[in-house]
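This report concerns only the one structure given below.
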Amino acid sequence: MTAKLANASLPTDLLAPLRHQGPVPAGELVSCRLPTAWGDFELHGLIDATTGHEHAALSMGPIADGAPVLTRVHSECLTGDTLFSLKCDCGPQLQGGLRAIATEGRGVLLYLRQEGRGIGLVNKIRAYALQQAGADTVEANRLLGLPDDARDYAMAATLLGKLGVQRVKLLTNNPAKVEALQALGIEVSERVPLRTPANRHNQAYLKTKTDRMGHWRPDADTPAAGAADEQHER
Ligand SMILES: [Zn+2]
């Protein structure tokens, strides 16, 4: 790569600021363009100085103009986001968030690396094994001595600050997330429900989220972000 860049026909003055070698300092935001199935986004990445985790954000349009920005704060779910799991609704929520932002032409999706509500992938697999034996999602975590929800949204505030976002219209069904962001000083001017389809594998999980974890159930009569082409049962 270095040799190729040194090969002249590229505008070196333009490339110079991008050619820093060595590790990127924690907390420094790096960005590039990222075309996706829903449109062209800007992809941003940052290393968390406290945990060493790498977090990402996808943005579209002018988000630093002070007006409320359609925002999805998504926590990593390897099984749902990338392995096509039907046990949860994370994959459809991620896709619904990006679709809603692309439809509006302006917004940001934060992708926080806190797998399994913050307990990590291996613990999540242990909890899934307990669920297989009959426990619900809350019981399984408690049987393992783990918190129901160990997510931390401090990095959301950091990322939004670095992106110049001051107010958000938050795409979520989770009241605890609204409260957590407000406690971090983020102004949530509106909550936008995110509807995802139930299937026979995640029905019990979605019910536990509304019955035991206090999530709002998106109103079936109100058009919600993410509903557009996800009507079929999966
Ligand atoms: Zn998930």
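The values are calculated or read from the model by the stated rules, or taken from the named source; none is laboratory data. It should be emphasised that the depicted structure is a prediction, and the values quoted were computed from it without experimental measurement. Positions of Cβ are backbone-derived with ideal geometry, glycine not excepted, and every protein chain shown enters the neighbour counts.
For Gly97, which of the numbered conditions (1) more than 16 Å from the ligand (Cβ to nearest atom); (2) under 9 Å from the mean Cα position of the chain (by Cα) fails to hold? Answer for Gly97: the failing condition is (1). Whenever a residue of region 79-93 is free of Cβ contacts under 8 Å to residues at least 24 places away in the same chain, its partners that are within 7 Å of the ligand (Cβ to nearest atom) and in a loop (DSSP other than H, G, I, E, B), lying with C-beta atoms within less than 6 angstrom and at least six residues away or across chains, give the pairs Gly80/Cys88; Cys90/Cys77.
Among the residues making up region 35-72, those that are in a strand (DSSP E or B), surrounded by 21 or more Cβ atoms within 10 Å (Cβ to Cβ) and among the aliphatic types (A, V, I, L, M) are Leu46, Ala57, Leu58, Met60, Val69, Leu70.
Asp81 - would you say it is closer than 24 Å to Arg33 by Cα, assigned by TED's automatic domain parsing to the domain that holds Asp48, among the charged types (D, E, K, R) and touching a helix residue (DSSP H, G or I) at 6+ places or on another chain (Cβ under 7 Å)?
Numbers: closer than 24 Å to Arg33 by Cα: yes; assigned by TED's automatic domain parsing to the domain that holds Asp48: yes; among the charged types (D, E, K, R): yes; touching a helix residue (DSSP H, G or I) at 6+ places or on another chain (Cβ under 7 Å): yes.
For Asp81, the condition - closer than 24 Å to Arg33 by Cα, assigned by TED's automatic domain parsing to the domain that holds Asp48, among the charged types (D, E, K, R) and touching a helix residue (DSSP H, G or I) at 6+ places or on another chain (Cβ under 7 Å) - is met.
Take the conditions surrounded by 13 or more Cβ atoms within 10 Å (Cβ to Cβ) and either modelled with pLDDT of 95 or more or away from the ligand (no atom under 16 Å from the Cβ) (or both) and apply them to Gly107. Does it pass? Yes.
Candidates are the residues of region 150-197 that are under 17 Å from Asp89 (Cβ atoms) and among the polar types (S, T, N, Q); the one that is nearest to the chain's Cα centre (by Cα) is Thr172. Close contacts from region 158-177, counting a first residue that is over 26 Å from Thr210 (Cα atoms) and at pLDDT 95 or above and a second that is surrounded by 18 or more Cβ atoms within 10 Å (Cβ to Cβ) and among the small types (Gly, Ala, Ser), with Cβ to Cβ under 9 Å and a gap of 6+ residues or different chains, come to Leu159/Ala57; Leu160/Ala57; Lys162/Ala57; Leu163/Ala57; Leu163/Ser59; Val165/Ser59.
Of all the criteria given as (1) closer than 22 Å to Arg191 by Cβ; (2) surrounded by fewer than 22 Cβ atoms within 10 Å (Cβ to Cβ); (3) out of contact with any helix residue (DSSP H, G or I) (no Cβ under 9 Å at 6 or more places or on another chain), the one not satisfied by Gly91 is (3).
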